[in-house]
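The values are calculated or read from the model by the stated rules, or taken from the named source; none is laboratory data. Computed from a predicted model, the values in this text were never measured in an experiment. Positions of Cβ are backbone-derived with ideal geometry, glycine not excepted, and every protein chain shown enters the neighbour counts. Only protein heavy atoms, including side chains, enter the accessible area calculation; ligands, DNA and RNA are left aside. Shrake-Rupley method; radii C 1.70, N 1.55, O 1.52, S 1.80 Å.
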Amino acid sequence: MSKHKFYLTTPLYYVNDKPHLGTAYATINADVLSRYHRLFGHEVKFLTGTDEHGQKVQQTAVKNGREPQAHCDELSLVFKNAWTELEVQFDIFFRTTDSFHKKTVQSVLQELYDKGDIYSDTYEGWYAISEEIFYTEKDLVNGKSPNGNDVVNIKEKNYFFKMSKYQKQLIDHIEKNPNFIQPENRRNETLGFLRQPLGDLCISRPKTRLSWGIEIPFDHDYVTYVWFDALLNYAVAVGLKQQGREEEFKTWWQEAGAYHMIGKDILITHTVYWPTMLMAIGVNLPKMIFATGWLLNKDSEKMSKSRGSVMDPKEMIKLVGIEPLRYFLVREFRLGQDGPASHELIINRVNTDLANNIGNLLSRTTNLIDKFFSGKAPAGPNTKDASITHDTSTAALIELSTHTPQKVYECVQAFSLSEAIEHVMNLLTETNRYLEEKAPWKMAKTNLPEAGSTLYVALEVLRISASLLLPVMPNKMTSLLCTIGVCEFKAAKTANPNWHDIGTWGFIKPGTPIKKAEPLFPRAEGTP
Ligand code: MSP
């Protein structure tokens, strides 16, 4: 049987700015989601990349005295390196200036023009450069875009895509597919937007105003509007309208279907522009568009360079390390909601969950096994062991442990990553409490097998928890697993243990060598 396929995308980031903690938040959450699917045994394609055309990027290049392409090459690499350092395991790093993309965008434009879905007309309205979005007079709020950004007046001949033609079909699709737009409030926002008559979409910019774009094949005085170009990347990346890639496109786009994780600021471009474009080309719509909330700065505003204070991921890495930072960005926030980031929150989260909870359980357990069992896993209860029915706290903990993988699985399906991790943390907290209650350090002196049994329970919890946290902290959790003798998957050069084995109680065989753990998560202190 072929493996289940999962195709996940992040937005393509504008190269007018280097990555900051807000863009790292978006990318890391998507990375963790895609790593969970790998852990479940699915075949994953995970795409991220850079959006390199448009006025915003052109202006930045000019300001820095650079040719746009040279500027893009440099910044795109900065993004790629930053994600690599943050252990983002992308399969595709897409760049909109790649020639195969430009060629495909042009062929889509030509096809829609030939079909009569693109026409020319005079455009009169307003343009927000920082958003790369066209607005009409009635959209403006106090002379600014609805998001509070500056706009410039434009009156010129342009090309339009007949978006209005697909309004009804789009509403029907959203109504018939409740999961198409998530979370629910974003679905309602889109339906609200679609209650007004939908205009056509201006999809060109005259070269006299903007030269940095993909030339329109049927009018060499124009380039494509940046969103038309950028949105297509998701389908172009898996073979849209490219000779020799038909099978790949069928497998990944038409059958598996894409999951787009985006920020709520780019909802309408993804839930209205993009699906209507796909309808016009005659291919399937994505399976799901999930809009995340924003990481806020200390003034409770969206963390973005243009709005002032941003946090630099490099500084945060210095403060707590790469994987604890990943942990914070996934655990601290509910994915669909906004939330603030600060040094204090990062330090607290890392110390409470990593140093005090998982770190503490690991060092206690391995130290005691070292001391009383010569560094060998003691024998412990198994699920069928009748005696455990008399020991309710052990039975309850085994039950909680073996059910946690399924809970994590369900949360991940719903994009509830923070809740998934919360289940694991809850299991670890319960186990630390269990050790307090059983006090194997005392029991070892009077009833060694009983103390061993307690420690074996802790070992199995550590194995299950570390396996379930691999997508968040791949290196630290791999080394934790090796410390407790679970190294086969690493030796076999696979990134993950077998999903089915994770929730199978009794995986660690008594007698397995257990190392005394080095502190995995030193306490974080102070400011960088
Ligand atoms: N280039 C377009 C997207 C084209 S997709 C075909 C764009 N780029 S962007 O760089 O301005 O922002 C992209 C995304 O970065 C946002 O939608 C959001 O997902 C993410 N974020 C940027 N700042 C963020 C926060 N402060 N918090 C959460 N996400 C952040 O729009």
Members of region 463-484 that are of a type outside the set (D, E, K, R), out of contact with any Lys or Arg (no Cβ under 9 Å at 6 or more places or on another chain) and over 25 Å from LEU86 (Cβ atoms):
ILE464
Only one residue in GLY54, GLY22 is touching a residue at least 60 places away in the same chain (Cβ under 8 Å), closer than 25 Å to PHE328 by Cα and not β-branched (Val, Ile, Thr). Which one?
GLY22
Given the condition touching a strand residue (DSSP E or B) at 6+ places or on another chain (Cβ under 6 Å) and over 27 Å from PHE372 (Cβ atoms), answer yes or no: does some residue in region 415-423 qualify?
yes
What do you reckon, is LYS138 in a helix (DSSP H, G or I), open to solvent by 60 Å² or more (accessible area, probe 1.4 Å) and modelled with pLDDT under 95?
yes
Output for region 489-502, where each listed residue is surrounded by 14 or more Cβ atoms within 10 Å (Cβ to Cβ) and more than 25 Å from the chain's Cα centre (by Cα):
ASP501
SER306: more than 21 Å from the chain's Cα centre (by Cα), within 11 Å of the ligand (Cβ to nearest atom) and open to solvent by 10 Å² or more (accessible area, probe 1.4 Å), yes or no?
yes
What are the residues in region 144-163 that are open to solvent by 50 Å² or more (accessible area, probe 1.4 Å) and more than 25 Å from the chain's Cα centre (by Cα), if any?
LYS144, PRO146, ASP150, VAL152, ASN153, LYS155, LYS157, LYS162
With criteria (1) at pLDDT 95 or above; (2) open to solvent by 60 Å² or more (accessible area, probe 1.4 Å), GLU124 comes up short on (1)
Within region 184-201, residues part of a loop (DSSP other than H, G, I, E, B) and open to solvent by 30 Å² or more (accessible area, probe 1.4 Å) come out as ARG195, GLN196, PRO197, GLY199, ASP200
Of a type in the set (Val, Ile, Thr), not assigned by TED's automatic domain parsing to the domain that holds PRO474 and not in a helix (DSSP H, G or I): does that describe THR84?
no
Taking the residues in region 165-183 that are part of a loop (DSSP other than H, G, I, E, B) and touching a helix residue (DSSP H, G or I) at 6+ places or on another chain (Cβ under 8 Å) as candidates, determine which candidate is least open to solvent (accessible area, probe 1.4 Å).
PHE180
Within region 58-80, how many residues turn out to be more than 16 Å from THR23 (Cα to Cα) and open to solvent by less than 60 Å² (accessible area, probe 1.4 Å)?
7
Just to be sure before I move on: is GLU460 part of a helix (DSSP H, G or I), buried (at least 23 other Cβ atoms within 10 Å of the Cβ) and touching a Ser or Thr at 6+ places or on another chain (Cβ under 7 Å) in the structure I sent?
yes
In region 337-360, the residues that are surrounded by fewer than 22 Cβ atoms within 10 Å (Cβ to Cβ), touching a helix residue (DSSP H, G or I) at 6+ places or on another chain (Cβ under 7 Å) and under 17 Å from ALA517 (Cβ atoms):
ASN357, ASN360
The helices (runs of 4 or more DSSP H) lying wholly within region 347-456 that contain at least 1 residues that are touching a Cys at 6+ places or on another chain (Cβ under 8 Å) and modelled with pLDDT of 95 or more are 417-438
Going through region 487-503 one residue at a time, which ones are assigned to a loop (DSSP other than H, G, I, E, B) and at pLDDT below 95?
CYS487, ALA492, LYS493, THR494, ALA495, ASN496, PRO497, ASN498
Can you name the residue in region 33-57 that is within 15 Å of the ligand (Cβ to nearest atom), crowded, with 23+ Cβ neighbours inside 10 Å and in a helix (DSSP H, G or I) and, of all such residues, is nearest to the chain's Cα centre (by Cα)?
LEU33
Among the residues of region 317-346, the number that are of a type in the set (Ser, Thr, Tyr) and part of a helix (DSSP H, G or I) is 1
